[in-house]
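Following: one structure in C-alpha cells, then a few remarks.
The values are calculated or read from the model by the stated rules, or taken from the named source; none is laboratory data. Note that the coordinates shown come from a computational prediction; the quantities given were computed from them, not determined experimentally. Methodologically, a virtual Cβ is constructed for each residue, glycine included, from the backbone with ideal geometry; neighbour enumeration extends over all protein chains shown.
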Amino acid sequence: MMRNSSLLKLTILIANFACMADMVIIPAAGGIFAAFPDADPKLLDLILTGPMLASIAGSLLCGFLARYFSKKYILIGAYVLFIIGSCGGAWFANIYYVLVMRMIVGFAYGFVPTGIFALVSELYEEEEERSVMVGLVTASVAIWGIILACISGFLAVDDWRYSYYVYYAAIPILLMLVVFLPKTPPEGCNKEVVEERMPIFKVGGVALACFGFNTLYNIVVYYIAIYLQEAQIGDASTAGVITSMGTLGCMVSSLFFGKIYSGLKGVTAAVAYIAMAVAFIILSHPADIWTIGAMCLLTGAAFGIGINYYYMHSSMIVPPSIISLVMAIIAIAMNLGTFASSYALTLFQTIMHVRTIAPTFLYVGVIFGIWGVLSITSTKFFAKKSDGIEV
C-alpha cells in the first residue's frame, strides 16, 4: 500500500481515537468522584491520571517490539487490549474494578501514539511532508477530543457510566487497522542499527521539556470540571463543551503546524510557552464562561504547537532505526507529565495555602512566561553555537 493512499492516511488519523480516551472520563470526573464519596482521594486521582503512568510501560514495550514486529501488528494488539479495558470499564460500580480497567486502557494507549508517530516518520521522510503529517495526526487527536468530550459530557449528566458507551467506536477502528495499515518491516531488519547511536543529550532535552510542558498544561485539562464547579458555572455538559474548546484550539494549530513550524523553526516552542502564560494568568482571575472558553481555546492551540514541535524535532535529530524508541521516550515524557499534573496542582495549592484551583493558575502562568523568555534566549545563543538543544 502506497504511503499517499487516502485510506492509509484516514486509518492513521482515525486510529488516534485511543489517544483521547481520557476525554471520555474528564467530563464525568464529578460524577465518578460523587459515586465513591468514601474512597481515598488518592484512588480517585489515580482513576483520572493513573492510566498515564500505565501507558509508560506500553510506550516502552512498543519501542522494544518495533525491533521485532511490524507496527501494524503492534497497533492491532494494542487496540484489542484497549477495547477490553474501555468497553468493559464501567460494567461494575466498584472503584477498584474501575481503576484496574483504567490501567489496562492506559497500558494499551501507551502503544498508540508511539506506534503512529513512528509509522509516520517511517512513511514520510521529507521534513516538510513529515511536519504536515505530524500536524494532521495531532489535529485528528484534537478532533476526537472534541467529539468525545462533548458526547461524554452530555451522557454523564444522567450517569457517569453512560459515558463509557462512547468507547464502542473502537471496534470498527480495529477492523480498519487490520484492513488498511501496511505491514512495515521490523526496525531490527536494518543491519546498521547496532552502529547508530542516540544523541542522548538532545533527545533528553526535548523529553524533559515535553514532561514539564505537559505537566503544567494538564492541570487545566484534568481539573477544568472542578474549576467550573468551584466557580459555580454550569454542570458536566458545560465541562464537556469547555474541554472541547481546548481540543478545538489544538486541532486548528495542528492543521497549520506545517506552516507554523516552517516560519518559526527554533522559536516555535517559545511561542507556545508565552501563549500558555497569557491564558493561565487570565484564568487565575474571576472570569465568565466566555473568557474561560477563550482561554481554554488558547491553551489548546499552544499545546498543539508545542507537542507537534517536540515530536517533529525529535524525529529529525535521530537515525531512522531508533525512531520508535525515541517516539516512545517522548510519549513517556508526555504521559509522565500528565500523571504528574495532579501532584503539581497539589504542590501549588500547598505553596499558596489554598484549596481551590484558580489561584494556582497564576503560578503556572508565571512559570510559562519565564520559560518562554529563557527558551528564546537559549535558542538564539545555541543558534550561534550551531549545535544547541532546542527545548
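Can Val252 be described as modelled with pLDDT of 90 or more, surrounded by fewer than 19 Cβ atoms within 10 Å (Cβ to Cβ) and more than 23 Å from Tyr343 (Cα to Cα)? I'd like the intermediate steps shown before the answer.
Details: modelled with pLDDT of 90 or more: yes; surrounded by fewer than 19 Cβ atoms within 10 Å (Cβ to Cβ): yes; more than 23 Å from Tyr343 (Cα to Cα): yes.
Yes; evaluated as a whole, the condition is true for this residue.
Can you confirm whether the range 63-81 contains a residue that is in contact with a Pro (Cβ under 9 Å, 6 or more places away or on another chain) and crowded, with 24+ Cβ neighbours inside 10 Å?
Just the residues of the range 63-81 that are in contact with a Pro (Cβ under 9 Å, 6 or more places away or on another chain), to begin with: 65-72.
This time we only want the ones that are crowded, with 24+ Cβ neighbours inside 10 Å, so: 66, 71.
There is at least one residue in the range 63-81 that is in contact with a Pro (Cβ under 9 Å, 6 or more places away or on another chain) and crowded, with 24+ Cβ neighbours inside 10 Å.
Please determine, by comparing only the residues of the range 310-319 that are under 17 Å from Met133 (Cα atoms) and either polar (S, T, N, Q) or more than 13 Å from the chain's Cα centre (by Cα) (or both), which one is surrounded by the fewest Cβ atoms within 10 Å (Cβ to Cβ).
From the range 310-319, those under 17 Å from Met133 (Cα atoms) are 310-316; that's our starting set.
Applying the additional criterion that residues be either polar (S, T, N, Q) or more than 13 Å from the chain's Cα centre (by Cα) (or both) yields 312-316.
On the way: Met312: 22, His313: 25, Ser314: 24, Ser315: 23, Met316: 11.
Across the range 310-319, the extreme among qualifying residues is Met316.
Taking Leu297 and the conditions (1) in contact with a Lys or Arg (Cβ under 7 Å, 6 or more places away or on another chain); (2) at pLDDT 85 or above, which numbered condition does it fall short on, given that it satisfies the others?
Exception for Leu297: condition (1).
Against the condition over 23 Å from Gly135 (Cα atoms) and among the hydrophobic types (A, V, I, L, M, F, W, C), how does Ala118 come out, does it pass? Walk me through it before giving the result.
Details: over 23 Å from Gly135 (Cα atoms): no; among the hydrophobic types (A, V, I, L, M, F, W, C): yes.
Spelling it out, it is not the case that Ala118 is over 23 Å from Gly135 (Cα atoms) and among the hydrophobic types (A, V, I, L, M, F, W, C).
State whether one or more residues within the range 23-41 are outside any helix (DSSP H, G or I) and of a type in the set (Phe, Trp, Tyr).
The first filter runs over the range 23-41 and keeps only residues outside any helix (DSSP H, G or I), leaving 36-40.
With the extra rule that they be of a type in the set (Phe, Trp, Tyr), the set shrinks to 36.
Checking the range 23-41: at least one residue is outside any helix (DSSP H, G or I) and of a type in the set (Phe, Trp, Tyr).
Exactly one condition in (1) farther than 30 Å from Phe69 by Cα; (2) surrounded by fewer than 18 Cβ atoms within 10 Å (Cβ to Cβ) is false for Gly300; which is it?
(2)
Kindly indicate whether any position in the range 1-14 is among the aliphatic types (A, V, I, L, M), under 20 Å from the mean Cα position of the chain (by Cα), more than 21 Å from Ile323 (Cα to Cα) and crowded, with 19+ Cβ neighbours inside 10 Å.
First pass over the range 1-14, keeping only residues among the aliphatic types (A, V, I, L, M): 1-2, 7-8, 10, 12-14.
Those still in the list that are under 20 Å from the mean Cα position of the chain (by Cα) too: 10, 12-14.
Then keep just the ones that are more than 21 Å from Ile323 (Cα to Cα); that gives 10, 14.
Cutting the leftovers down to crowded, with 19+ Cβ neighbours inside 10 Å gives us none.
Within the range 1-14, not a single residue is among the aliphatic types (A, V, I, L, M), under 20 Å from the mean Cα position of the chain (by Cα), more than 21 Å from Ile323 (Cα to Cα) and crowded, with 19+ Cβ neighbours inside 10 Å.
What pairs come out if I take residues in the range 107-131 that are at negative phi and pair them with residues that are outside any helix (DSSP H, G or I) and surrounded by 24 or more Cβ atoms within 10 Å (Cβ to Cβ) whose C-beta lies under 6 Å away, six or more apart or interchain?
Cβ pairs passing all conditions: Tyr109/Ala21.
How many residues does the range 274-294 hold that are of a type in the set (Gly, Ala, Ser) and in contact (Cβ under 8 Å) with a residue 60 or more places away in the chain? Write out each step before concluding.
To start, the set of residues in the range 274-294 that are of a type in the set (Gly, Ala, Ser) comprises 275, 277, 279, 284, 287, 293-294.
From what is left, the residues that are in contact (Cβ under 8 Å) with a residue 60 or more places away in the chain are 277, 279, 284.
The total comes to 3.
Look through the range 355-379, keep the residues that are part of a helix (DSSP H, G or I) and polar (S, T, N, Q), and return whichever of them is surrounded by the fewest Cβ atoms within 10 Å (Cβ to Cβ).
Thr377
Considering Thr338, Thr346, which residue is surrounded by fewer than 15 Cβ atoms within 10 Å (Cβ to Cβ) and in a helix (DSSP H, G or I)? I'd like the intermediate steps shown before the answer.
On the way: Thr338 fails: surrounded by fewer than 15 Cβ atoms within 10 Å (Cβ to Cβ).
Criteria check complete, one pass: Thr346.
Need the failing condition index for Val318 against (1) in contact with a Pro (Cβ under 8 Å, 6 or more places away or on another chain); (2) assigned to a helix (DSSP H, G or I), just the number.
It is condition (2) that Val318 fails.
Do the conditions hold for Gly115, that is, is it within 20 Å of Ala57 (Cβ to Cβ), under 22 Å from the mean Cα position of the chain (by Cα) and either crowded, with 20+ Cβ neighbours inside 10 Å or of a type in the set (A, V, I, L, M) (or both)?
Considered against the rule, which asks whether it is within 20 Å of Ala57 (Cβ to Cβ), under 22 Å from the mean Cα position of the chain (by Cα) and either crowded, with 20+ Cβ neighbours inside 10 Å or of a type in the set (A, V, I, L, M) (or both), Gly115 comes out as yes.
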